[in-house]
1. Against the globular-protein guess of 2.2 N^0.38 Å, express the Cα radius of gyration of the range 286-421 as a ratio, rounded to two decimals.
2. For the range 122-157 and the range 475-509, what is the separation of their C-alpha centers, rounded to whole Å?
3. Suppose every K and R has +1 on its Cβ and every D and E has -1 on its Cβ; what is the size of the dipole of the range 226-304 about the Cα centre, in Debye to the nearest 20?
4. Under a 5 Å amide H to amide H cut-off, with H placed in plane at 1.01 Å, what residues pair with residue 607 once short-range neighbours are removed?
5. Is the range 264-344 rounded, prolate or oblate when judged by the Cα gyration tensor, a ≥ b ≥ c being the square roots of its eigenvalues, rounded requiring a/c under 1.5 and prolate requiring a/b larger than b/c?
6. Got a sec? Charge dipole of the chain, +1 on Cβ for Lys and Arg, -1 for Asp and Glu; which of 681, 187, 370 is way out at the positive end?
7. Quick one: which residues, 5 or more positions from residue 666 or on another chain, have an amide H under 5 Å from its amide H? H modelled 1.01 Å from N in the peptide plane, none for Pro or chain starts.
8. State the Cα centre-to-centre distance between the range 265-327 and the range 556-588 in whole Å.
Amino acid sequence: MSSKVVLKPSMFSLASHSGQNNGPAKAISRSSRPCSNCTCSPGLLSRQSRRSSVFLRQYSRRSSGTAVPRKSTSNESIYSSDSLCNTKNMNTTKRLESLRYSMKENDLAVYIIPSEDEHQSEYVSLADQRRSFISGFTGSAGVAIITRDLLNFNDSPEGKSALSTDGRYFNQASQELDYNWLLLRQGAKNEPTWQEWAINEAIEQSLGIGKKLVKIGIDPKVISYKSVQLFESTIKRKLEESGSGAKVELVAIKENLVDKIWGDFEVLPIRPSNDLIKLDLKYSGEDFDNKLERLLNELKEKHQSTSILISSLDEIAWFLNLRGSDIEYNPVFFSYLIVNDKDIKLFSNNPYSPEITEFFNKNSIKVLPYEEIWTELSKTTNVLKESSKTISIPENSSWEIIRNLNKCKFKQIHSPIDFFKSVKNPIEIKGFEKAHLKDGFALIKFFSWLENELVKEDSLVDEYVAASKLIDFRKEQEHYVGNSFETISATGANAAVIHYSPPTENSSMIDPSKIYLNDSGSQFLEGTTDITRTLHFTRPTEAEIDNYTRVLKGNLAIEQLVFPEGTNGYMIDILARQYLWKEGLDYRHGTGHGVGSYLNVHEGPVGISFRQGLIQYPLQKGNIITNEPGYYEDGKYGIRIENDLVVEETDLKFGDTRFLKFRNLTLVPYSRKLINAKLLSEEEKKIVNKYHARIWNLIGTKLDQNSIEAEWLRQETQSL
């Protein structure tokens, strides 16, 4: 089997280190890899190499007690930063064949497999990684579409398979998909959406069988009702445009067809139900009673409703001041919640402590088995229907939820809880400040250790060992719970893969003569961090320096912006790109996303991006948002600089409109070697110097002044 490349599956899957060999590791050059004979998809390999772990359980150390550099005994090149295997793996044929048999049993010509679970989570448990299982593509975003040729009468069913994903994953998907798959580049010029591609295939099939009805199937739990409405309107439009008389219909298939075949190829993962944790008021800053009152008032005043069903896991965790560990790196638990002005019902199978029992009893929260949501939803909506009352349903609720409302009146709304949790209270903001101070210490120790090992000690350190060592430094900090996503530790060409993460075995040796990108974050009880730094340990090229500086200028442009209330992230995204655009350059991802308070590292509804959906969500005082422009050259290097910002008020007003600003919470210096001071304005240089002086005062002065980390930080924070 070839050495594998694990490309960031969900950003949130923690690999166990307990069984890894700490001895010499031979560096395998690209030419020596027998990729042409490989039959294992990266998706399969990543799942097999990853052990299900409890999020809050102590992170296991390596068998030697610490992460150590791996030495090479090979005569070949020790650095294999151009490590991405460019030969397609070939293991999805049998899976697709088996799926098409199930499609035939359900009279389907097309079957849709989204990335999400039944809570529409962005990052999902192993048991919900169905799209990864069927395609081999492990990125967090994408949709698989499988067709079955209705005119094929061979013994084995045939058809097409396509994977649609966005620009963050074009490089990764091209590496991971085998020859069975067509890649649909979402947002690319003249490329159909996944809905259009699926419908076009269905129309063609309908015409091929005499204009008979052709069915497109999907599990109604894993697609939102809002998406179904869009899909059905697209079907109607495409049929009208074709004028061919074809017949196409979207149908709900309650038995998930991937789950049906999964056990024939791998051990079917089981969804975890780990212990619940009560988050103390000193971290949450707001008790449950106040949150409940706010929610009921919002429902009554804005939506003329007294009931709501909540299915988003992070919303339930925030609302109840509870945390869990059912999805790696995400402190959430599988649950549904029905809230009305009379009672509250939580549907969850997670064990909980006497303290939480007391909390439930005190607040009249009735806990029911997770699976009973459908029965209780039916009972609730029957009562509401009889009294002509309306239930509020968040717009990201699944199609299956809508199908179980018993024709009760319902109103689709954006969940008020999503807005509530995105605006951090003063205690949460103080928590973020503490979390960033602790993560600043950890990252400064890590980067100074890494440079010393690579340059002064002339050691060989691979990407995976580096990521593991960073965890050791983070574990030194109080209230560290775990990482907030899977660390991107990438050298050279691997840094050009936007969501890359190193494999546990045979990962690339970090080449000090090339760029190194580290994107990582922590979960502390006080808050969540997400930080990216791009470094060079020796002599970067002129192009690397200039492009890094352009990215830095874009980062500073966002950070220094003063803007009126009502401004959204869609309006300001251009500021981060302007210096790259001037040179005809760009990057294929958003510039920023919301961050949860000891919750999901990706949090809505605000963001900084070219996605038009952000227009309706203006930035507000108390939002925590990332600022992460980048630049990537496939096969060469990648650059990204990411800070976490808090939105604050200014003293400025224009009429009745207040002005807002950002404050940078991150405390890790920029790469001194990669800054071309000549490309910075005097104002920009002052900003960088002031930032570096702040880091030195808060962290540098607390270090042993004769230590490696103090020496490294002193060097990196010198005035420009």
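None of the figures in this text is laboratory data; all of them are computed from the coordinates on show. Keep in mind that this is a model prediction, so the values were computed, not measured. No Cβ is skipped: glycine too gets one built from the backbone with ideal geometry, and neighbour counts run over all protein chains shown.
1. Numbers: Rg = 14.2 Å, N = 136, 2.2 N^0.38 = 14.2 Å.
Scaled against compact globular proteins, the figure is 1.00.
2. Cα centres, the range 122-157 to the range 475-509: 27 Å.
3. Working: 14 positive and 16 negative charges, 66 e Å.
Rounded to the nearest 20 debye, it is 320 debye.
4. Residues meeting the criterion, in which the H sits 1.01 Å from N, are 569.
5. Numbers: a/c = 3.29, a/b = 1.66, b/c = 1.98.
Since a/c reaches 1.5 but b/c is at least a/b, the shape of the range 264-344 is classed as oblate.
6. Ranked along the dipole, the leading option is 187.
7. It is 644, by chain and number.
8. Going from one Cα centre to the other spans 33 Å.
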